[in-house]
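Asks: Take a look at this one; I'll ask things after.
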Amino acid sequence: MKVRRRLSCVGLVALLALSGCGNDTGPEEAGPEEDVTNGQPEVVATDEAAEEVEPLEVDISVAAALRSDRRLMVEGETNLPEGARLLIVVERELSGVRWQSRTEVQGSRFEAGPFGPGSGLPDGGYTITVNLPEASVQPSAIRQRIGDQGEHLAGPLVRSSRHGLGQVASYSRRYLIGTEPRRTTDEVEVLGVE
């Protein structure tokens, strides 16, 4: 009886060992099969490799208008493709308070706003920034033009994304509402009693 159990265990182990010796590829060998001719892998050319995309020299211009309620409207022009998604940010220099809005390029133009609190923007300096975010958040038609990593973007407005997701474009301009507040100690005037 003991001999039969040992033989059946040995038979089972042998069967398992043989079943593992098939033509299956392991995880490290998995992948597409390659045709080999004269010991060299066959290279297949694709249309994508042959088609070279001309770099897009990014151009953005911005104008801002203060509405009667002292809130800011932003509009601009760009050569970015139709439908490109933009993020417009308005930041008050003195406090660092920011307002932002998403918009799209329509007919080489974009607009966003109004920016600011319901009570209106106080006098002071403001920075308006127009950002073309990473290609991964753009529609597929835009990615085809600018590249999956923004690699077809060019010019002084283009830089690497902070998150390592390719190239992005950014344009900033400073605006002044009202009069510029002075930041020197000379501005203090002492009033005396007469």
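The values are calculated or read from the model by the stated rules, or taken from the named source; none is laboratory data. These numbers were taken from a predicted model, which means no experiment stands behind them. Cβ placement follows ideal geometry from the backbone for every residue including glycine, while neighbour counts extend to all protein chains displayed. Areas reflect the complete protein model, heavy atoms only, side chains present, ligands, DNA and RNA absent. Shrake-Rupley method; radii C 1.70, N 1.55, O 1.52, S 1.80 Å.
Asks: Using θ = phi - 60° and the Karplus relation 6.51 cos²θ - 1.76 cosθ + 1.60, list the HN-Hα couplings for segment 147-157 in order, rounded to whole Hz, with x at every Gly or Pro.
Replies: Listing the rounded values in order: x, 5, 10, x, 5, 8, 7, 9, x, x, 7 Hz.
Asks: Sticking with this structure for a sec: Using θ = phi - 60° and the Karplus curve 6.51 cos²θ - 1.76 cosθ + 1.60, what whole-Hz ³J(HN,Hα) does each residue of segment 105-112 get, with Gly and Pro shown as x?
Replies: 6, 10, x, 6, 10, 8, 8, 7
Asks: Something else now. Please list, in chain and number order, the residues 5+ apart from V97 or on another chain whose amide H is under 5 Å from its amide H, with Hs placed from the backbone.
Replies: Amide H to amide H, under 5 Å and 5 or more residues apart or across chains, V97 pairs with R92.
Asks: Tell me the trypsin sites (Lys or Arg not before Pro) within segment 124-184 that lie in a loop according to DSSP and have at most 15 other beta-carbon atoms within 10 Å. Intermediate values should be presented prior to the final figure.
Replies: Values: sites: R143, R145, R159, R162, R173, R174, R182, R183; in loops: R162, R182, R183.
Here the sparse-neighbourhood loop sites are R162, R182, R183.
Asks: Just to make sure I understand: if all protein chains stay in place, what is the order of Y171, Y126 by accessible area at 1.4 Å, largest first? List each step's numbers first, then the result.
Replies: Values: Y171 45, Y126 0 Å².
Descending accessible area places them as Y171, Y126.
Asks: Rank A135, G125, A112 by how far each Cα sits towards the positive end of the charge dipole of segment 66-145 (+1 on Lys, Arg Cβ; -1 on Asp, Glu Cβ) and give me just the farthest.
Replies: A135
Asks: Through the Karplus equation 6.51 cos²θ - 1.76 cosθ + 1.60, θ set to phi - 60°, convert the phi angles of segment 126-131 into ³J(HN,Hα) values in whole Hz; use x for Gly and Pro.
Replies: Those phi angles translate into 9, 10, 9, 10, 10, 10 Hz.
Asks: Then there's this: Would you calculate the separation in nanometres between label points at A65 and V97, each defined as 7 Å from the Cα along the Cα-to-beta-carbon direction?
Replies: 2.4
Asks: Counting Lys and Arg as +1 and Asp and Glu as -1, each charge on the Cβ, what is the dipole of segment 76-166 about the Cα centre in debye, to the nearest 20? The partial results should precede the final answer.
Replies: Numbers: 9 positive and 10 negative charges, 34 e Å.
Dipole about the Cα centre, nearest 20: 160 debye.
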